[in-house]
Amino acid sequence: MPLVSVVIPLYKQIPDKDEKTSFSQCIRVLHDYQIVFACPLSLNITFYESLAREAGCTILVERFDDYFFKNIEGYNHLLISENFYKRF
């Protein structure tokens, strides 16, 4: 298991311009680390996967129940869940 994982939460199918720029920069700078997408079960992440592929970056995907990504309350529950951190 790697010492460090960069976990990128995804909740939108297509990012806005600033999010895309931020995501691309993250991939460029942190590509030597294990990068993991944390996203809802139902989210289509094809857009993000293709950006990562174009940058030559391999991505792991960890999916969680959609409930955790519907609002701030659900997301906070995910982040305080021991199960979330055990995956990494």
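The values are calculated or read from the model by the stated rules, or taken from the named source; none is laboratory data. This structure is a prediction, so every number in the text was calculated from the model and none was measured. Cβ placement follows ideal geometry from the backbone for every residue including glycine, while neighbour counts extend to all protein chains displayed. Keep in mind that these areas ignore ligands, DNA and RNA; they rest on the heavy atoms of the full protein, side chains included. Shrake-Rupley method; radii C 1.70, N 1.55, O 1.52, S 1.80 Å.
The residues of the range 78-88 that are more than 14 Å from the chain's Cα centre (by Cα) and open to solvent by 80 Å² or more (accessible area, probe 1.4 Å), listed by number, are ILE80, GLU82, ASN83, LYS86. Within the range 48-62, the only residue that satisfies the criterion of being surrounded by 15 or more Cβ atoms within 10 Å (Cβ to Cβ) and closer than 11 Å to LEU10 by Cα is TYR48. Of everything listed in (1) closer than 26 Å to LYS86 by Cα; (2) surrounded by fewer than 13 Cβ atoms within 10 Å (Cβ to Cβ), the single unmet condition for ALA38 is (2).
When ASN71 is tested against (1) of a type outside the set (A, V, I, L, M); (2) touching a His at 6+ places or on another chain (Cβ under 7 Å); (3) exposed (fewer than 12 other Cβ atoms within 10 Å of the Cβ), exactly one condition is not met: (2). With respect to the conditions (1) loosely packed, with under 15 Cβ neighbours inside 10 Å; (2) under 19 Å from PHE64 (Cα atoms), PRO9 lacks only one, and its number is (1).
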